[in-house]
Amino acid sequence: MKEGKELFLINIKSGEDAEIISILGGQMVNKRLSDLGLTPGTKIKVLRKAPFWGPIEIEVRGSKLVLGRGLASKILVKRYE
Amino acid sequence: MNEKKLNIVLAGQANVGKSVIFNHLTGLHQHIGNWPGKTVEKAEGTLHYKGHTIDVLDLPGIYSLTTYSIEEIISREYIALRKPDFVVNVVDGTNLERNLIFSLQILELESPAVLALNFVNLFKEKGIEINYKKLEEILGVPVVPVAAIHGKGISEVLGRGIELVSGRIKPKSLKYGQEVETEIKKITEFLTSIDLPYPKRWLAIKLLEKDREMERLFETEHSEILKKVKESILRLEEIHGHDSAIIIANERCHLASEIAKKVIKITKPSKLSLNEKIDLLTLHKIWSYPVMLAIFALVFLTIFKFGNWFSSVLEGITAGWWMGWENIFGASILASFGWMAIKSVISLIEIALPYIIPFYLILYLLEDWGYLARVAFLMDNLMHKIGVHGKSCIPLMLGFGCNVPACLSCRIMETERERFITGFLTTLVPCSARTVIIMGLVGKFVGIGWAFGLYLFAILMIFGLGKLASKILPGEATELIMEMPDYRIPDLRTVFLQTWFRLKDFLYVAGPFVIISGIIIEGIHLAGWLPSIANFLSPITVKWLGLPAITGILLIFGILRKELILVMLAALLGTANFAQALSSVQMLTLALVSMLYIPCIATIAVLWWEFGWRKAVGITIFEIFFAIGIGGIAFRLLSLA
């Protein structure tokens, strides 16, 4: 696996793997996401994106989570290629 | 051994099967109430086990014990201050790593705990192996494999917990990274002389996390400690380059991941699991939507058909009862008041049995199967347009059964703003009683297509008003964060209990109003005031809405109970063949106004309870004017056609 460039989680295609670099946004958002195991350095896989600009489903630490698009556009990741 | 009293709590994240375990432990011996002064559900129950009387408290399903929501504060305060004999931490074994993040926080509260590792029945299928003994060693608490759905392992959880009580073993304190531990140690030393009921190490960690609730305890008398904490925080933030709250969260995630690595072995099955296969369709880019529509069309059609059939059966059974009553008690005033009270109870049953119960049974089957989470996923974008997120679909759908439990279920929404918008919108959802009117008036005499047209109109209204409300109300929409559960075979016990609890909401809240309103109506009727009410309202009913004057009476009594509109219409007209007395346009207008004009009195009471009287009155007044306005416009437009 080669490390790719930095982009936001919403720009990752379904089926691709990535690693969280940082989460932009307030302390609340950061806290909530870290409670779910989404912290910098965490590896994630985008499973699917709902049509019509809907939420995205990711796999993280062996479980599946759904995040709204607005939230996904605040999560900076690097893509594995 | 004497009957010993024990006090235990169930704690765990959402969707770990906690309620299945709770139901299994307590069955119907449970009491659902509210935490004092909070709109958070509190479920308690009692059971007997090997000479012990055990009080079980089900803490709200939450993601962490840091201050994020009321539920979380309630849970950690309860564990820290009320000191239960032991905590049963229910954990989803198929999601161990993420669940451990929460478990670590429970253990930090230093209460005796048992880890109930649920869903072990799914391990084989998912290729998961967990070394329980090793997990037990690492955490220092008993780990019990559980298959809650089959009732396996639950009594062992109690057994191991009771062993703990006699020994008072505390869980091991697990260590974070060295830099963090150094600061924790420093702060713990400052805290030695402080007399607070919380464990010192936990308090130190919370202070490092900048927990507002805990900081407040120190602000007045011990601000010097907060200064020391601030120094520690700055040192940590210097080293790691993140906010200290994130650093601690990171440490916890790291620790959970380390533990998971040591105890879990996963051999991923090579072929697609059944769950993934179902999701290929139910979450498909295009086909998921027709599938969703088909599922709900089927659900609603089944309920309408069944409800119509069953309620006519019930009517047949109770039709002759009045004669019997009159034969026994005569025709006195007291007897007719008594009969009204009985009739109100009958009408409650005639709504509950044919419509509300089947509806909630099906809905909770869909939820327990895992489908409602998919609906939230698919509808999130649409719901965002009206200022809420995908999860508010669930209260809105409950509203089709009865608005009362639907309003109560708005508590699943995270913020006050979303709770209110969703609550307001659920009052516009055509509930069972309104379905009776729409189907009995429009469906029967105008055409089924028009009846569905009214439904569609209601849904469009909900979207329109939701959009408006989200524009007017201050604040931003929060984003959807939700776990996507795997499909699983629904647990019928849980489905039945959930249905029963929602039904209880309906009976307890709506019941008294329905009975009292029945008696009031009879009083007004006997006093001969009905014609004056009709006259008084005739400028609105006759001039603006184009309806007969008697409908004024109906609309007043419809506030008490919506389906009364139909019942009283038949009584006042002296016939149930409404087409003889009303034109199609009049029937449509009446149904439309009845559908929109006001939540019934039981719903107003729940709105009051949940959102305060100002908002309850505001919604009521708004909906009256709104419905009358729309009704008048509809009357004129329909008359043109």
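Assess whether B:VAL567 counts as being within 24 Å of B:TYR355 (Cβ to Cβ) and over 24 Å from the mean Cα position of the chain (by Cα).
Yes; evaluated as a whole, the condition is true for this residue.
For the stretch B:200-214, what are the residues that are touching a helix residue (DSSP H, G or I) at 6+ places or on another chain (Cβ under 8 Å) and either at pLDDT below 90 or outside any helix (DSSP H, G or I) (or both)?
Across the stretch B:200-214, the qualifying residues are B:GLU209, B:LYS210, B:GLU213, B:MET214.
Mind checking which residues of the stretch B:448-490 are away from chain A (no Cβ under 14 Å), crowded, with 17+ Cβ neighbours inside 10 Å and within 30 Å of B:VAL20 (Cα to Cα)?
Matches in the stretch B:448-490: B:PRO490 only.
Hey, among the residues in the stretch B:157-190 that are among the basic types (Lys, Arg) and in a helix (DSSP H, G or I), which one's farthest from the chain's Cα centre (by Cα)?
Ranking the candidates gives B:LYS186 first.
Restricting to the stretch B:366-381, name every residue that is part of a helix (DSSP H, G or I) and either hydroxyl-bearing (Ser, Thr, Tyr) or more than 8 Å from every other protein chain (Cβ to nearest Cβ) (or both).
Answer for the stretch B:366-381, where residues must be part of a helix (DSSP H, G or I) and either hydroxyl-bearing (Ser, Thr, Tyr) or more than 8 Å from every other protein chain (Cβ to nearest Cβ) (or both): B:LEU366, B:GLU367, B:ASP368, B:TRP369, B:TYR371, B:LEU372, B:ARG374, B:VAL375, B:MET379.
Determine whether the stretch B:247-261 contains at least one residue that is in contact (Cβ under 8 Å) with a residue 24 or more places away in the chain and touching a Lys or Arg at 6+ places or on another chain (Cβ under 6 Å).
no
Go over the candidates B:ILE205, B:ILE233, B:ILE194 one by one and state the one that is over 26 Å from A:GLY37 (Cα atoms) and hydrophobic (A, V, I, L, M, F, W, C).
Only one candidate qualifies: B:ILE194.
Of (1) part of a helix (DSSP H, G or I); (2) among the charged types (D, E, K, R); (3) at pLDDT 85 or above, B:LYS285 satisfies all except one. Which?
(1)
Output the number of residues of the stretch B:257-271 satisfying the condition of being assigned to a helix (DSSP H, G or I) and over 15 Å from B:LYS134 (Cβ atoms).
Final tally of qualifying residues: 1.
Being of a type outside the set (D, E, K, R), farther than 30 Å from B:VAL585 by Cα and outside the structural domain of B:LYS18 (by TED's automatic domain parsing), is that true of even one residue in the stretch B:422-434?
Yes, there is a match, as at least one residue in the stretch B:422-434 is of a type outside the set (D, E, K, R), farther than 30 Å from B:VAL585 by Cα and outside the structural domain of B:LYS18 (by TED's automatic domain parsing).
Is there a residue in the stretch B:463-477 that is without any contact (Cβ under 8 Å) to a residue 24 or more places away in the chain and acidic (Asp, Glu)?
Scanning the stretch B:463-477, I find at least one residue that is without any contact (Cβ under 8 Å) to a residue 24 or more places away in the chain and acidic (Asp, Glu), so the answer is yes.
Across the stretch B:253-268, what is the total count of residues that are under 19 Å from A:ASN30 (Cα atoms) and at the interface with chain A (Cβ under 10 Å from one of its Cβ atoms)?
Here the count works out to 4.
So that you can scan it fast, the table gives a plain yes or no per residue for (1) within 12 Å of chain B (Cβ to nearest Cβ); (2) outside any strand (DSSP E or B); (3) closer than 26 Å to B:ARG252 by Cα:
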site: A:GLY15; (1), (2), (3): no, yes, no
site: A:GLU19; (1), (2), (3): no, no, yes
site: A:GLY25; (1), (2), (3): yes, yes, yes
site: A:ASN30; (1), (2), (3): yes, yes, yes
site: A:ARG48; (1), (2), (3): yes, no, no
site: A:TRP53; (1), (2), (3): yes, yes, no
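Collect the residues in the stretch B:245-303 that are of a type in the set (Ser, Thr, Tyr) and in contact with a Ser or Thr (Cβ under 8 Å, 6 or more places away or on another chain), keeping them in residue-number order.
Correct list: B:THR282, B:SER288.
Out of (1) in a helix (DSSP H, G or I); (2) away from chain A (no Cβ under 14 Å); (3) not β-branched (Val, Ile, Thr), what's the single condition that is false for B:GLU418?
Status for B:GLU418: all satisfied but (2).
Give the residue, chosen from B:PHE513, B:PHE496, B:PHE501, that is in contact with a strand residue (DSSP E or B) (Cβ under 7 Å, 6 or more places away or on another chain) and either among the β-branched types (Val, Ile, Thr) or in the same structural domain as B:LEU348 (by TED's automatic domain parsing) (or both).
Result of the check over B:PHE513, B:PHE496, B:PHE501: B:PHE501.
Condition test on B:ILE598, is it under 30 Å from B:ARG419 (Cβ atoms) and buried (at least 21 other Cβ atoms within 10 Å of the Cβ)?
Spelling it out, B:ILE598 is indeed under 30 Å from B:ARG419 (Cβ atoms) and buried (at least 21 other Cβ atoms within 10 Å of the Cβ).
Could you please give the count of residues in the stretch B:157-175 that are in contact with a Lys or Arg (Cβ under 8 Å, 6 or more places away or on another chain) and not assigned by TED's automatic domain parsing to the domain that holds B:LEU81?
1
Could you grab me the full set of residues in the stretch A:32-43 that are more than 7 Å from chain B (Cβ to nearest Cβ) and crowded, with 24+ Cβ neighbours inside 10 Å?
If the condition is that a residue be more than 7 Å from chain B (Cβ to nearest Cβ) and crowded, with 24+ Cβ neighbours inside 10 Å, then A:LEU33, A:LEU38 are the ones that fit.
Give B:VAL429, B:VAL442, B:VAL436 a once-over and let me know the one that is crowded, with 22+ Cβ neighbours inside 10 Å and part of a loop (DSSP other than H, G, I, E, B).
On inspection, the qualifying residue turns out to be B:VAL429.
Which residues, taken from the stretch B:387-407, are within 14 Å of chain A (Cβ to nearest Cβ) and either in a loop (DSSP other than H, G, I, E, B) or over 13 Å from the mean Cα position of the chain (by Cα) (or both)?
Passing the criteria: B:GLY387, B:VAL388, B:HIS389, B:GLY390.
Kindly evaluate B:GLU224 against the criterion of being within 36 Å of the chain's Cα centre (by Cα) and not hydrophobic (A, V, I, L, M, F, W, C).
no
Yes or no: the stretch B:378-397 includes at least one residue that is farther than 21 Å from B:ALA477 by Cα and not acidic (Asp, Glu).
no
Tell me, which residue of the stretch B:206-252 that is surrounded by 13 or more Cβ atoms within 10 Å (Cβ to Cβ) and among the polar types (S, T, N, Q) is nearest to the other protein chains (Cβ to nearest Cβ)?
Selected residue: B:ASN250.
Cβ-Cβ under 6 Å, sequence separation 6+ or interchain: first residue in the stretch B:536-562 and in contact (Cβ under 8 Å) with a residue 12 or more places away in the chain and surrounded by fewer than 24 Cβ atoms within 10 Å (Cβ to Cβ), partner of a type in the set (Val, Ile, Thr) and outside any helix (DSSP H, G or I). Which pairs?
Hits for this filter: B:ILE559/B:ILE598.
Just checking, how many residues over the stretch B:20-46 are at pLDDT 80 or above and surrounded by fewer than 18 Cβ atoms within 10 Å (Cβ to Cβ)?
Residues meeting the conditions: 2.
Here is a check on your reading of the model: is B:ASP279 modelled with pLDDT of 90 or more, within 30 Å of B:GLU418 (Cβ to Cβ), in a helix (DSSP H, G or I) and outside the structural domain of B:LYS562 (by TED's automatic domain parsing)?
yes
If you go through the stretch B:403-426 one residue at a time, do you hit one that is buried (at least 21 other Cβ atoms within 10 Å of the Cβ), modelled with pLDDT of 90 or more and under 20 Å from B:LEU507 (Cβ atoms)?
There is at least one residue in the stretch B:403-426 that is buried (at least 21 other Cβ atoms within 10 Å of the Cβ), modelled with pLDDT of 90 or more and under 20 Å from B:LEU507 (Cβ atoms).
Just checking, does the stretch A:64-71 include any residue being within 25 Å of B:GLN13 (Cβ to Cβ), among the aliphatic types (A, V, I, L, M), within 7 Å of chain B (Cβ to nearest Cβ) and assigned to a helix (DSSP H, G or I)?
Yes - at least one qualifying residue is present in the stretch A:64-71.
The values are calculated or read from the model by the stated rules, or taken from the named source; none is laboratory data. Values in this document were obtained by computation on a predicted structure and should not be read as measured data. FYI the Cβ positions are ideal-geometry reconstructions off the backbone, even for glycines, and counts take in every protein chain you see.
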